[in-house]
1. List the residues whose amide H sits under 5 Å from the amide H of Gly115, counting only those 5 or more places along or on another chain, with H placed 1.01 Å from N in the peptide plane.
2. Take the alpha carbon gyration tensor of region 169-224, find the square roots of its eigenvalues, order them as a ≥ b ≥ c, and report rounded if a/c is under 1.5; if not, report prolate when a/b exceeds b/c, else oblate.
3. Taking every pair of Cα atoms in the chain, average 1/r, invert it to obtain the Kirkwood radius, and report Rg/Rh to two decimals.
4. So which trypsin sites (Lys or Arg not before Pro) in region 23-91 end up in coil per DSSP with only 13 or fewer other C-beta atoms within 10 Å?
5. Take the alpha carbon gyration tensor of region 185-297, find the square roots of its eigenvalues, order them as a ≥ b ≥ c, and report rounded if a/c is under 1.5; if not, report prolate when a/b exceeds b/c, else oblate.
6. Filter the GluC sites (Glu not before Pro) in region 190-267 to those in DSSP coil with at most 10 other Cβ atoms within 10 Å of their Cβ, and list the result.
7. Taking only C-alpha pairs under 8 Å that are 6+ residues apart, what is the relative contact order of the chain in percent?
8. Rg to Rh for region 19-147: what is it, with Cα atoms only and Rh by Kirkwood?
Amino acid sequence: MNTLPVVINPVARGGRASVPRAALEAAAAERGWRLEWWPTEAPGHAAELAARAARDGHPLLAVWGGDGTYNEAARGLVGRPTALVALPGGTTSVLAYELGIPREPVAALCEQLGGERREMTVGRTDAGQLFLLMLSAGPDALILANLPEMLKRLAGKAGIGAQAMVEFLHARLPRFTVQVDGQALDASWCIVGNGRCYGGPYSATPGADPFATGFEVVTLERHGRAAAVPFFFAIPSGRHLNMPGVDRRSATEVHLAGEGVPYQLDGDPAGFLPVTARAAGERVAVMLPRHPVAPGD
């Protein structure tokens, strides 16, 4: 049998999600694979384990966790032939929506083992940070920056929702500049999409293509809660793109600047502006399911 390492984040979804190991092992064995469990021990460990899998010549590396764990693993796989097999185990696991991967872990594994290998582009910041899905600055990054880790672990999406209410009701919402295509935009929210999906199956940047070099950049130029709250709630339906003050364009480089304004990468706090996002043509191999699932199904 071929050996398939599985990087497993034991605190994914606050440790509330149990990994169906026996079922996954049985499904893999039927397809000629033996699973080998590699638990992470600290932040950043998934990148080390992924680099090890690539060095050892494994054709595939499965990752059980959420977008933060996928992001870490991708750091160790970028530019290498080992392909990422994403097993949804996190609070949201947006990458699974983006790639059409089933939410049920055994189905996700089976579909990818029988699926297609493709090379997905990644974005980079000027600090060297990698992102698979998006970079965003605005109320969403403010929510994640101020979200207590314990609340996220214990309550998951409900905790994020509670923190969103706090920020929208009481916080001073961000204001910053976005430099794109030689034009400076006065922004309150900017989503630099390397993929379409955001926060789940929702297409915040529907023109983005994760298999082509470049981003779709959606910027809200209006300010205040009267602009930010409707924009936020319009994303699931796609109506945010037609709202007043929304700029939408393609780009390969975007610079964001603002005093004390946080930004996030793939759903995790990543630092404070200024930051430059670049599409440099780097790629990570991923496995696509044999029968892709449409986002939201």
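Every number here is computed from the coordinates shown, using simple stated rules; none is lab data. Remember, it's a predicted structure, so these values are computed and weren't measured experimentally. Don't worry about glycine lacking a Cβ; one is built from the backbone with ideal geometry, like all the others, and counts go over all protein chains shown.
1. Result for Gly115 returns Arg290.
2. Values: a/c = 3.36, a/b = 1.38, b/c = 2.44.
Oblate, since a/c reaches 1.5 and b/c is not below a/b.
3. Values: Rg = 18.7 Å, Rh = 19.3 Å.
My calculation puts Rg/Rh at 0.97.
4. On the way: sites: Arg31, Arg34, Arg52, Arg55, Arg75; in loops: Arg31.
Within region 23-91, the qualifying trypsin sites (Lys or Arg not before Pro) (loop, at most 13 other Cβ atoms within 10 Å) are Arg31.
5. Values: a/c = 1.89, a/b = 1.26, b/c = 1.50.
It is oblate, given that a/c is not under 1.5 and a/b is not larger than b/c.
6. Details: sites: Glu216, Glu221, Glu253, Glu259; in loops: Glu221, Glu259.
Those satisfying the criteria are Glu259.
7. On the way: 705 pairs, mean separation 65.7, N = 297.
Dividing the mean separation by the residue count of the chain yields 22 percent.
8. Working: Rg = 15.0 Å, Rh = 15.5 Å.
Taking Rh as the inverse mean 1/r over Cα pairs, Rg/Rh reads 0.97.
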